[in-house]
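Take a look at the structure below.
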Amino acid sequence: MGSNKKIHARSPGISYQDLIKLDKISPPEILTIENSYPPGTSSIPINRYTDKEFHNLEMEKIWTNIWQMACREEEIPNAGDYIIYEIGTYSIIIVNTGDEIKAHRNVCRHRGRQLCDHDGNKPNFTCPYHGFSWNLDGTIKRITSQWDFPEIDKSDFNLSSVRCESWGGWVFINMNNETDSLLSFLGELPEHFKIWPPEERYIQAHVAKIMDCNWKTCQEAFMEALHIMGTHPQALGASGDENSQFDVWGNFARAITAYGTQSPRLEYELTEQELFESMLGRSIDDKTPPGILPEGVSAREYVCQLSRENSEKIIGSDIKISDAEIIDTIYYNLFPNFHPWGGWGDYSKIVYRFRPLKDRHDKSIMECYFLSPFSGERPPPAAIKWLDEDEPWTNAPELGVLAKVFQQDSFNLPKVQKGLNNSPFGEIKLSNYQESKIRHWHDLYSTWIKKT
């Protein structure tokens with residue numbers, strides 16, 4: 001696991017490790033590990049976000065050679081179920097053959113027409129253009145007017161399949177068939193999630209929105225807590241934004257932001273009652289009677305108690321849920337674009353995916369899954385809900401209070417992209433610690449872009 005490497009400088013506020021030592025129910029070992037990224041490159045070239053040439057490099061060097069999350073197994077539970085995953089100009093069919101999950105390039109080998117235009121269920125893949133047909137496993141089934149194609153060798157006319165492997169109920173694909181295994185790429189990530197097994201959850205909600213910015217511009221807004229003061233000031237009363245812990249391992253990184261502790265950026269100290277009210281989302285001008293914090297109990301401890309009771313109704317009381325797991329935001333990112341969250345609280349349901357919109361370098365797709373625990377029979381997965389570029393996140397009520405938070409982020413992101421397009425400086429600057437997840441990501445990015 002980690003080596004508890006500590007940082008050279010951090011916020012003067014209480015550290016995350018010191019905070020969780022005060023919790024009534026101690027955290028699991030995985031949350032007590034520190035594995036900070038050392039200070040390093042802080043200047044990032046702006047053209048990574050603004051130039052089509054970099055988008056083309058990403059398609060050539062990264063997207064066609066790397067493991068990327070394509071769907072959930074529960075989205076294709078039956079033989080013949082398939083889903084289409086698209087990245088740039090590439091379209092991949094992920095299909096349940098009845099024996100296994102396979103992935104094929106979405107193209108007819110006759111004249112190149114896409115075999116499938118939308119998700120669904122088929123007994124085989126038949127081209128709508130001329131009727132050539134392939135079995136679900138990609139082997140050729142029928143050649144139209146076969147007598148007229150004497151040069152086609154049926155034993156060598158299968159669909160072009162790509163690597164397809166699963167972890168935690170997530171299906172990943174890789175268009176480079178010579179690459180290492182998915183588990184090798186994930187490294188220690190499955191070990192981190194052993195206590196929060198993703199395969200034992202279901203898709204409660206899935207919302208996608210077209211964003212008016214580069215996909216990296218978009219995803220980086222969800223890789224740090226530095227933006228809370230400017231973008232989500234309502235959270236300062238109960239969020240240890242500047243106290244967040246940032247760690248890295250191989251191809252993934254983690255951030256943990258404590259809830260139930262005030263931001264060090266506030267110039268005054270809240271009482272426990274005021275902290276409790278802030279945790280409830282109560283604003284200063286709210287005229288409704290506040291909830292009263294029981295005597296002798298901290299705001300963090302009391303909200304943990306309430307949240308734990310709600311979670312135990314679903315997952316049972318056999319699992320000992322720590323305060324940190326029930327209340328703090330534990331957000332991971334796996335290079336290049338997969339962002340699963342850990343824990344047992346409401347925020348632990350979040351999983352993000354970011355990618356370019358079609359072959360655009362200036363527009364992207366942001367997706368939010370709610371991956372929730374359940375009791376009894378697995379509920380059916382929620383269908384994806386698409387929001388247009390001009391639609392607010394609040395048009396997706398299934399996201400609850402997060403819809404308003406996303407709307408705050410969405411207000412900034414197109415303007416960030418416009419600023420980058422107009423910048424005369426040629427680079428952006430990243431902080432040593434609070435943006436270390438982003439620095440780590442760009443170091444990985446540089447390595448992939450330079451590969452031959």
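The values are calculated or read from the model by the stated rules, or taken from the named source; none is laboratory data. Given the structure is predicted, the values throughout are model-derived calculations rather than measurements. Cβ sites come from the backbone with ideal geometry, for glycine too, and all protein chains shown count toward neighbours.
Listed conditions (1) of a type outside the set (D, E, K, R); (2) under 22 Å from the mean Cα position of the chain (by Cα); (3) assigned by TED's automatic domain parsing to the domain that holds PHE406 are all met by ASN174, apart from (3).
Put simply, of ALA208, ALA238 the only residue that is aliphatic (A, V, I, L, M), in the same structural domain as ALA383 (by TED's automatic domain parsing), more than 21 Å from ILE33 (Cβ to Cβ) and under 18 Å from the mean Cα position of the chain (by Cα) is ALA208. Within segment 204-219, the presence of at least one residue that is more than 14 Å from TRP167 (Cα to Cα), out of contact with any strand residue (DSSP E or B) (no Cβ under 6 Å at 6 or more places or on another chain) and assigned to a helix (DSSP H, G or I) is confirmed.
Of everything listed in (1) assigned by TED's automatic domain parsing to the domain that holds CYS164; (2) under 21 Å from PHE335 (Cα atoms); (3) assigned to a loop (DSSP other than H, G, I, E, B), the single unmet condition for LEU115 is (2).
Give me a count of the residues in segment 30-51 that are of a type outside the set (Val, Ile, Thr) and not in a loop (DSSP other than H, G, I, E, B). Break it down stepwise before answering.
Going residue by residue through segment 30-51, those that are of a type outside the set (Val, Ile, Thr) are 31, 34-40, 42-43, 45, 47-49, 51.
From what's left, not in a loop (DSSP other than H, G, I, E, B): 31, 35, 43, 45, 47-49.
Number of matching residues: 7.
For every residue, the table says whether it meets (1) under 30 Å from GLU200 (Cβ atoms); (2) within 34 Å of the chain's Cα centre (by Cα); (3) surrounded by 15 or more Cβ atoms within 10 Å (Cβ to Cβ); (4) not acidic (Asp, Glu).
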position	(1), (2), (3), (4)
HIS110	no, no, yes, yes
GLY120	yes, yes, no, yes
ASN124	no, yes, no, yes
SER155	no, no, no, yes
GLY169	yes, yes, yes, yes
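Applying the condition of being under 23 Å from ILE62 (Cα atoms) and β-branched (Val, Ile, Thr) to segment 83-100 and asking which residue is surrounded by the most Cβ atoms within 10 Å (Cβ to Cβ) yields ILE93.
GLU220 - would you say it is assigned by TED's automatic domain parsing to the domain that holds ASN432, of a type outside the set (A, V, I, L, M), in contact (Cβ under 8 Å) with a residue 12 or more places away in the chain and on the phi < 0 side of the Ramachandran plot? Yes: the conditions hold for GLU220.
Going by the conditions given, is ILE152 touching a strand residue (DSSP E or B) at 6+ places or on another chain (Cβ under 9 Å) and in a loop (DSSP other than H, G, I, E, B)? Let's see the steps before the verdict.
Working: touching a strand residue (DSSP E or B) at 6+ places or on another chain (Cβ under 9 Å): yes; in a loop (DSSP other than H, G, I, E, B): yes.
The answer is yes for ILE152.
Among the criteria (1) surrounded by 17 or more Cβ atoms within 10 Å (Cβ to Cβ); (2) within 30 Å of TYR352 (Cβ to Cβ), the one GLY80 does not fulfil is (1). For segment 247-257, the criterion of being more than 30 Å from ASN174 (Cβ to Cβ), surrounded by fewer than 18 Cβ atoms within 10 Å (Cβ to Cβ) and either of a type outside the set (S, T, N, Q) or without any contact (Cβ under 8 Å) to a residue 40 or more places away in the chain (or both) is met by none of the residues. For segment 356-437, the strands (runs of 3 or more DSSP E) that sit wholly inside it and include 2 or more residues that are touching a residue at least 12 places away in the same chain (Cβ under 8 Å) and under 30 Å from TRP249 (Cα atoms) are 364-373, 427-429. Taking TYR332 and the conditions (1) buried (at least 18 other Cβ atoms within 10 Å of the Cβ); (2) assigned to a loop (DSSP other than H, G, I, E, B); (3) out of contact with any Asp or Glu (no Cβ under 6 Å at 6 or more places or on another chain), which numbered condition does it fall short on, given that it satisfies the others? The failed condition is (2).
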